[in-house]
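Here the structure comes first, spelled out in structure tokens, and everything after it is commentary.
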Amino acid sequence: MGPMRAAHQFVRGLAEGGFPEDLRRVQAELYGSLALTGRGHATDRAVLLGLSGYEPATIDPERIESTVDEIRSTRTLRLDGRRPVAFDLSRDLLFHRDQMFPPGAKTRHPNGMRFTAFDGSGAVLSEETFFSIGGGFIVSDSGAEGTGPAAEEKEIPYPFSSAADLLAAADANQITIAEAMLANERALAGAAGAPAETETILAGIDRIWAAMRACVQRGIATEGILPGGLQVRRRAHRLAERLREKEAQGMSGDPLAPLDWLTVYAMAVNEENAAGGRVVTAPTNGAAGVIPAVAHYYERFVPGADHAGIVRFFLTSAAIGI
């Protein structure tokens with residue numbers, strides 16, 4: 001996610017005011033951990049998609065394979081989806097496995113990357129170094145604004161840095177953890193000292209839940225081999241089929257069946273993550289299956305489950321996650 005956002009931000013910077021007329025190609029260089037694990041983590045694909053104008057939260061997963069295949073076959077990349085430039089993967093997407101940091105970078109973080117734009121003579125038109133600092137956040141080595149945590153912390157009504165702090169704040173104010181988080185989220189999303197409307201936060205939660213549901217559905221529906229060269233076969237689809245067959249045969253009384261479905265939901269998301277599909281970072285992509293699996297379990301197997309319960313769960317799990 002970080003490299004994809006960094007590539008996208010670099011391209012948007014080039015596009016401001018119109019692409020330079022003499023722009024002919026771009027180059028992406030990966031260093032440190034990004035270089036050593038890049039292909040296994042689909043960093044190469046993420047960079048290509050970011051340069052093409054896509055972002056993690058909005059890309060249609062169905063567009064991923066065709067976009068990457070087109071760049072590889074035509075050796076042409078459309079910057080921000082608009083400006084075609086030559087792009088040869090062996091020359092323009094480099095993995096510096098023997099270098100921990102981009103040369104000259106002030107920041108010392110193992111997930112570094114550098115993007116460079118060239119004119120027809122090979123002269124540099126623009127260059128920027130980014131670091132992927134976790135959770136999809138990025139920072140620019142030049143000090144320009146990235147997509148990391150805000151430099152200026154906003155005041156929140158119920159600050160906490162531990163579980164004990166959180167429980168004490170809820171106790172002292174006679175509120176639930178979810179209510180404390182809702183108030184904090186309103187403060188963080190507000191502007192000019194005024195908290196955001198509750199409906200704004202709830203709409204954000206609904207968007208996250210919708211993305212998680214779509215991820216589970218796609219993970220269960222998709223069969224085949226996961227990318228990466230290890231010939232790992234997807235398992236969620238077949239496991240879900242077996243559970244449905246049992247239910248159709250009247251064997252739904254198995255008390256462990258809900259836990260089997262819990263496993264399927266989590267596995268579906270993890271397989272989508274391994275395939276480079278869209279998952280919700282919660283709090284990392286590697287752990288992305290936990291929250292949607294529990295939410296699906298609640299919705300399907302807990303008597304009296306409703307949307308208000310989903311909202312409470314997301315707010316409470318967010319408090320634990322941070």
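The values are calculated or read from the model by the stated rules, or taken from the named source; none is laboratory data. Because the structure is predicted, anything quoted here is derived from the model rather than measured. So basically every Cβ, Gly included, is an ideal-geometry build from the backbone, and we count neighbours across all protein chains shown. Heads up: the accessible areas ignore ligands, DNA and RNA and are worked out on the full protein's heavy atoms, side chains in. Shrake-Rupley method; radii C 1.70, N 1.55, O 1.52, S 1.80 Å.
Structural remarks
- Solvent exposure of the stretch 1-111, expressed per residue, is 49 Å² of accessible area, with all protein chains present and a 1.4 angstrom probe.
- Accessible-area ranking of ARG91, ARG186, ARG207, largest first, probe 1.4 Å: ARG207, ARG91, ARG186
- Among (1) 0.98; (2) 1.13; (3) 0.94, the entry derived from the coordinates for Cα Rg over 2.2 N^0.38 Å: (2)
- Between LEU94 and ALA196, the distance separating the two model label sites (each 7 Å from Cα on the Cα→Cβ line) works out to 4.1 nm.
- Projecting label points 7 angstrom from Cα along Cα→Cβ for ASP206 and ALA287 puts them 2.8 nm apart.
- At full extension, GLU179 and LEU230 could sit 13.8 nm farther apart than now, given 0.36 nm per residue minus the alpha carbon distance.
- Between ALA164 and GLU241, the simple label model (points 7 Å from Cα in the Cβ direction) yields a spacing of 5.3 nm.
- A cut-off of 5 Å between modelled amide H atoms, ignoring neighbours fewer than 5 places along the same chain, links LEU125 with ALA117, PHE118, ASP119.
- Per residue, the average separation of C-alpha pairs within less than 8 Å and at least 6 apart gives the chain a relative contact order of 15 percent.
- Given charges at beta-carbon only (K, R positive; D, E negative), |dipole| of the stretch 54-142 in Debye: 240
- Nearest-20 debye value, the stretch 1-113 charge dipole, Cβ charges on Lys, Arg, Asp, Glu: 280
- Split the accessible area of the chain by element, probe 1.4 Å, and carbon with sulfur accounts for 53%.
- Proximity of backbone amide H atoms, modeled 1.01 Å from N, is registered between LEU93 and ALA28 at under 5 Å, excluding neighbours fewer than 5 places apart on the same chain.
- Net charge, LEU226 excluded, C-beta distance under 12 Å - Lys, Arg +1, Asp, Glu -1: 0
- Charge tally in the Cβ shell below 11 Å around GLY276, where Lys, Arg are +1 and Asp, Glu are -1, GLY276 excluded: -2
- The 3J(HN,Hα) values that the Karplus relation (6.51, -1.76, 1.60; θ = phi - 60°) gives for the stretch 41-48 are, in residue order, 9, 6, 5, 4, 4, 4, 5, 4 Hz. Gly and Pro appear as x.
- Around THR107: net Lys/Arg minus Asp/Glu count, Cβ-Cβ under 14 Å: +1
- Per the Kirkwood formula applied to alpha carbons, the stretch 1-70 shows a radius of gyration over Rh ratio, Rg over Rh, of 0.98.
- Relative contact order of the stretch 186-289, defined on C-alpha pairs under 8 angstrom at six or more residues apart (%): 26
- Given R0 = 22 Å, the distance between the Cβ atoms of ARG24 and ASP69 translates into a calculated FRET efficiency of 0.45.
- Tilt relative to the chain, helix 163-173 - C-alpha long axis, 0 to 90 degrees, to 10: 60
- Alpha carbon centroid spacing (whole Å) that separates the stretch 219-263 from the stretch 17-76: 32
- Alpha-carbon Rg/Rh ratio, for the stretch 171-322, with Rh computed the Kirkwood way: 1.05
- Considering only PRO258, PRO303, PRO157, the mean-square fluctuation computed in a Gaussian network model of the chain, springs between alpha carbons under 10 angstrom, is largest for PRO303.
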